[in-house]
Amino acid sequence: MSDPITILGGGIVGLCVATELTARGVPVRICENGDVPGPQACSWWAAGMLAPFCEGESAEEPVVRLGQEAADWWERQGVRVIRNGSLVVALGRDRRELARFARRTDGHRALDAHAIAEMEPDLGGRFSEALAFEDEAHITPRAALAELWDGLVARDVEFTKDQPTSGRIIDCRGLAAQDTLKDLRGVKGEMVILRSNEVKLHRPVRLLHPRFPLYVVPRGDGVFMLGATQIESGERTRPTVRSTLELLTAAFALHPAFGEAEILEIGVDARPAFPDNLPRIRRRGQRIFVNGMFRHGYLLAPAMARQVADLICDDLKPEMMDEDHGEW
């Protein structure tokens, strides 16, 4: 048996790549300085929306197409995938935002006030129009990370903090890879986790707004994740009053009962992104880089992991590979 491939980084990308490779019989070890899974990676603060059609509003075509692999992949790993779709709404003064969103996306149907109330009773009477993306889904990110970690432990994958000095390496370090990938940038995101026993939602809801759009993702037991800001900054540790207020104000606009909700967590991190916000696979000698997930980590990591495994196992050039810098 060949020596294990070292995967640098135990966030969502590293764990998905390790899962895909070990499923094909390729031995791996994971090198991660922090706790796995843990809050040291931006994967910890994600929403977990598997919403490729909604992302088409601002993302390029590969995100929509490749993202459609995600829900089935996560389900195959034993992760609970909630396939209740997504709902997109806008306040009356922002109805043009809803029309623009509809023009830029596929896979939706228009709802009137009655249909909204049937789908989400707690939003009944609050919105006259909405878009339902019924083929979308969501997962709980931290539970998904733990499921991948447990699966890899069960396959006797080694987790280590020792840095490799030689051999084959797959670099999934996210923003830390800026030491080599000079065109990688950080996009700061802030989020809030609330608990409210007065609001019940069955699917992610996006509230459109020209300045601070909001998404609310139900986690169960009255817990909701609110997200997320998108700021051109690599700063990873400092949530701001302005951003937190905007998120909470938008949540209150979606449903006033959120005004009485309990704040459980306020989180912040920087997402790694390339200039066009598309992920990349790059190969330099004995090292493969998988990076640039932007805000699509849980949506695109499965497809990127599949492409890496196809490269290693079958010598198939990945669709999202920039250029070939050497033999693997």
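The values are calculated or read from the model by the stated rules, or taken from the named source; none is laboratory data. These numbers were taken from a predicted model, which means no experiment stands behind them. Cβ placement follows ideal geometry from the backbone for every residue including glycine, while neighbour counts extend to all protein chains displayed. Protein only, heavy atoms only, side chains kept; ligands, DNA and RNA dropped before computing areas. Shrake-Rupley method; radii C 1.70, N 1.55, O 1.52, S 1.80 Å.
Brief remarks follow.
- Total residues in segment 69-95, condition farther than 30 Å from Met304 by Cα and at pLDDT 95 or above: 2
- Close Cβ contacts (under 6 Å, 6 or more residues apart or on different chains) running from residues in segment 195-215 that are without any contact (Cβ under 8 Å) to a residue 60 or more places away in the chain and on the phi < 0 side of the Ramachandran plot to residues that are outside any loop (DSSP other than H, G, I, E, B) and open to solvent by less than 30 Å² (accessible area, probe 1.4 Å) comprise Phe212/Ala250; Leu214/Leu207; Leu214/Ala250.
- Residue check, Trp74 within 15 Å of Leu145 (Cβ to Cβ), assigned to a helix (DSSP H, G or I), open to solvent by less than 20 Å² (accessible area, probe 1.4 Å) and in contact (Cβ under 8 Å) with a residue 24 or more places away in the chain: yes
- Selection within segment 213-244 - over 15 Å from the mean Cα position of the chain (by Cα) and closer than 16 Å to Ala270 by Cα: Ile231, Glu232, Ser233, Gly234, Glu235, Arg236, Thr237, Arg238, Pro239, Thr240, Ser243, Thr244
- Residue count for segment 188-207, restricted to those that are within 29 Å of Leu175 (Cα to Cα) and surrounded by fewer than 21 Cβ atoms within 10 Å (Cβ to Cβ): 1.
- Restricting segment 24-42 to residues that are modelled with pLDDT under 85 and surrounded by 21 or more Cβ atoms within 10 Å (Cβ to Cβ), the residue that is nearest to Met293 (Cα to Cα): Cys42
- Unmet requirement for Leu264, which otherwise passes all of (1) within 30 Å of Glu75 (Cα to Cα); (2) open to solvent by 20 Å² or more (accessible area, probe 1.4 Å); (3) touching a residue at least 12 places away in the same chain (Cβ under 8 Å); (4) touching a helix residue (DSSP H, G or I) at 6+ places or on another chain (Cβ under 8 Å): (4)
- Note on segment 277-316: among residues that are charged (D, E, K, R) and modelled with pLDDT of 95 or more, the one that is surrounded by the fewest Cβ atoms within 10 Å (Cβ to Cβ) is Asp314.
- Top-ranked residue in segment 94-136 [being in a loop (DSSP other than H, G, I, E, B) and open to solvent by less than 20 Å² (accessible area, probe 1.4 Å); ranked as nearest to Ala71 (Cα to Cα)]: Glu136
- Residue within segment 205-223 that is closer than 30 Å to Glu129 by Cβ, aliphatic (A, V, I, L, M) and touching a Lys or Arg at 6+ places or on another chain (Cβ under 6 Å) present: yes
- Here segment 220-235 is the region considered, the condition is being among the charged types (D, E, K, R) and closer than 21 Å to Glu246 by Cβ, and the residue that is least open to solvent (accessible area, probe 1.4 Å) is Glu235.
- In segment 130-147, the count of residues that are out of contact with any helix residue (DSSP H, G or I) (no Cβ under 7 Å at 6 or more places or on another chain) and free of Cβ contacts under 8 Å to residues at least 12 places away in the same chain is zero.
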